[in-house]
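These notes concern the structure reproduced below.
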Amino acid sequence: MSVRTRFAPSPTGYMHIGGMRTALFNWLWARHNGGQFILRIDDTDRERNVEAALQPILDAFRWMNLPWDEGPEIGGPHAPYYQSQRNDRYREVVRQLVDSGKAYRDYETAEQTKADRDAAEKEKRPYVSSRRSLGLSDETRAEYEATQVPYVVRLLVPRERKVSINDHVRGFVEWDCSLIPDPVIQRSDGSPLYNFATVVDDVDFEITHVIRAEEHLTNTAVQHLIYEAIGAKPPEFAHIPFVAAPGTTKKLSKREIGKYRNNPQFKRMFEIADTVLPKLGMKSDDSMNPVMVAFYEQVGFLPEAVFNALARLGWSLDDKTEYMSREFVIENFTLERVVKGAAGLDCDKLMSYQEHWMAKLSVEEKVTRCLPFLERAGYVASPADSVATELATRLVVALGERIKLFSDILSYEEYFVADDALAYDEKAFEKRIRKADGAVELLKGYGEMLATQDDFSAATLEQATHSFVEFRGLGLGDIVHAVRVATTGKPAGPGLYDCLALLGRDKCLKRIERALARA
Ligand code: GLU
């Protein structure tokens, strides 16, 4: 039988990075076995606009390059894949269970149930359902039905036994059914409960492996009983540990976002957020932050790096292999090597994966992916023309490994701004030009020298600069800082001759002139 896994998000409007790791393990297990990965939408909460709230989730899957084989947009043999469209099916199964005596209509009021629970608690004995409704006479039952007395449907738990699973991560887990109250499977308004709907779906969709967050382990007892009541073979289960906040064992949570700014490891991501997002007209807030997959896309990570990082969160091949391509992970992924303990998101590792996968890209690929950032920041026209593309290409070459994220290109806006709009680091301007002895004169001379340079390559400029200082009996240090500040506005950056060559003669001359005028 073909392996079929699923990920079942509720449409929340964003994709949590921890949720993506759960989805990834499902996807990997399906791919490893040549099976199918299904996306099911748990949209029983009807208040939201499902389509709008689903898009960011689907976008995250697209960006991560994790195509789903059945689900939204593409359908499949078991469509619809939206729980909200499967109510008839849930009701049908509830009816069958009631007819076969495996479930019952419970007319007990919520107050009665609560009173029973309170009494059990007071007497320090486990609460189990009273099952009073099972003792109703046929007459009363008929009367209740005729007068439409509200009821919920409960599964009749076989109290005399135990239920167990052999979880791929947790091992053998057993529950004593005598301690399990009869779970509601259908509310009085006819809607299904999660535990019930998920089992009906997993049966109908022929899911073979349920790989999900460990917080669902406790639900599995009831779900297992539902499989049995339906007469379906339960799938294999793998309850994987949650993704923890960096350096902690506490679940990574969107609600804690305020605290994460002070987390020593997470800090770096917020620094990236605070420098990059504003340039793109966004800010780091509830709807865009490092808990979300979209953040990593927005600030210019490679999906390969995030894939590598998530694959290594709670799973490892051995104790040394870190850099893994998708093909490699697909080939080697097994549920048996998933760890039991929480795995903290590791931002340092993420950066090292990023550097590793970035280094594999050709200059062209890097440029293609840097350009949209320049366009979105308004540094170049959109779409970028050939002049901008050429400049970006030369910049990417000159920067080499300094471009770690695609958005890093945004730190070099000085190459793209108009000469008369260049901003200066005023402290550096003061120190290197206004206050440095003879700097103004030298800069003037240097400009005159540049004006005579026909060959404006970095190598030639280097030679010319050496001759320039030697002729005057000076050192390089006497001129290079002033030239850098005058032409780029900044005290540091890529090699000076690369900078000058990148800018070209015209721009260098104009900028030196402008600097002299304000010195
Ligand atoms: N919608 C559920 C959740 O997000 C799915 C749980 C499951 O995988 O069974 O928690």
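For this structure, a couple of remarks:
- Built amide H within the under 5 Å cut-off of Glu236, gap 5+: His209, Val210
- Solvent-free Debye scattering, log10 I(q)/I(0), computed from the Cα coordinates of segment 234-281 at q = 0.13, 0.14, 0.27, 0.32 Å⁻¹: -0.44, -0.48, -1.02, -1.16
- Carbon + sulfur, % of accessible area of segment 122-191 - ligands and nucleic acids excluded, 1.4 Å: 49 percent
- Over segment 299-372 - Rg/Rh using Cα atoms and the Kirkwood inverse-distance radius: 1.02
- Accessible area per residue, Å², segment 376-506 with all protein chains present, probe 1.4 Å: 48 Å²
- Debye-sum result for the chain in log10 I(q)/I(0), which assumes one identical scatterer on each alpha carbon, at q = 0.07 Å⁻¹: -0.56
- In segment 338-420, trypsin sites (Lys or Arg not before Pro) in a DSSP loop with at most 11 other beta-carbon atoms within 10 Å: Lys360
- Over segment 230-359, the pair-distance histogram of Cα-Cα distances with 5 Å bins from zero comes to 2, 10, 18, 20, 19, 13, 9, 5, 2, 1, 1, 0 percent, rounded to whole numbers.
- Under 5 Å, built H, 5+ apart or other chain: amide partners of Asp167: Phe172, Val173
- Sorting the segments 60-67, 292-299 by their residues' average number of neighbouring beta-carbon atoms within 10 angstrom, most packed first, yields 292-299, 60-67.
- Paramagnetic reach from Ala110 (point 7 Å along Cα→Cβ, amide N under 20 Å) across segment 138-155: 148-155
- For the chain, the longest principal axis of the C-alpha atoms and the axis of helix 50-63 are separated by about 60°.
- Overall dimensions of segment 8-113 by Cα: Rg and Dmax, Å: 17.3, 51
- Over segment 80-133: Kirkwood hydrodynamic radius from C-alpha pairwise inverse distances, Å: 13.6 Å
- In plain terms, the C-alpha convex hull of segment 422-519 casts an average shadow of 5.3 nm² when viewed from every direction.
- Relative to the 2.2 N^0.38 Å rule of thumb, segment 58-109 has a C-alpha radius of gyration ratio of 1.75.
- For segment 371-413, radius of gyration divided by Kirkwood radius, i.e. Rg to Rh on alpha-carbons: 0.93
- Expressed as a whole percent, the accessible surface of segment 11-84 that belongs to carbon and sulfur atoms is 47, based on a 1.4 Å probe.
- Cα-based Rg / Dmax (Å) for segment 307-416: 17.7, 54
- Antiparallel bridge percentage (DSSP; both residues within the chain; nearest 5): 55 percent
- The accessible area of Trp68, taken with all protein chains in place and a 1.4 Å probe, comes to roughly 30 Å².
- Whole-Hz ³J(HN,Hα) from phi, Karplus 6.51 cos²θ - 1.76 cosθ + 1.60, for segment 498-514, glycine and proline x: 5, 4, 5, 4, 4, 6, x, 4, 3, 5, 4, 5, 4, 5, 5, 4, 5
- Stokes-Einstein D for segment 190-253, Kirkwood Rh over Cα pairs, 37 °C, 0.692 mPa s (µm²/s): 253 µm²/s
- Glu430 exposes around 60 Å² of accessible area when a 1.4 Å probe is run over every protein chain in place.
- Each residue of segment 350-367 was assigned a 3J(HN,Hα) from its phi angle through the Karplus expression (A = 6.51, B = -1.76, C = 1.60, θ = phi - 60°), giving 4, 5, 6, 5, 4, 4, 4, 6, 5, 5, 7, 7, 6, 4, 4, 5, 4, 4 Hz with x at Gly and Pro.
- Surface exposure of segment 186-316, expressed per residue as accessible area with a 1.4 Å probe, stands at 37 Å².
- Within the accessible area of segment 421-519 (1.4 Å probe), percent carbon and sulfur: 51 percent
- Phi angles across segment 267-273 convert, under the Karplus curve 6.51 cos²θ - 1.76 cosθ + 1.60 with θ = phi - 60°, into 3J(HN,Hα) values of 3, 4, 5, 6, 5, 4, 4 Hz, Gly and Pro given as x.
- Rg in Å to one decimal, and Dmax rounded to a whole Å, for segment 27-171 via C-alpha atoms: 21.4, 60
- For Leu361, the accessible area of its heavy atoms, probed at 1.4 Å with every protein chain present, is near 30 square angstrom.
- Summed over all non-identical Cα pairs, the Kirkwood treatment of segment 138-250 gives a radius of 16.0 Å.
- Across the chain, Cα pairs under 8 Å and at least six residues apart give a relative contact order of 12 percent.
- Whole-percent pair-distance distribution, where bins are 5 Å wide, for the alpha carbons of segment 437-494: 4, 17, 30, 30, 16, 2
- Using only alpha carbons, segment 1-59 has a radius of gyration to Kirkwood radius ratio (Rg to Rh) of 1.03.
The values are calculated or read from the model by the stated rules, or taken from the named source; none is laboratory data. Just so you know, these numbers come straight off a predicted model, no measurement behind them. Note that we place each Cβ from the backbone using ideal geometry, even for glycine, and neighbour counts take in every protein chain shown. These area figures cover heavy atoms from the full protein model, side chains too; ligands, DNA and RNA do not enter into them. Shrake-Rupley method; radii C 1.70, N 1.55, O 1.52, S 1.80 Å.
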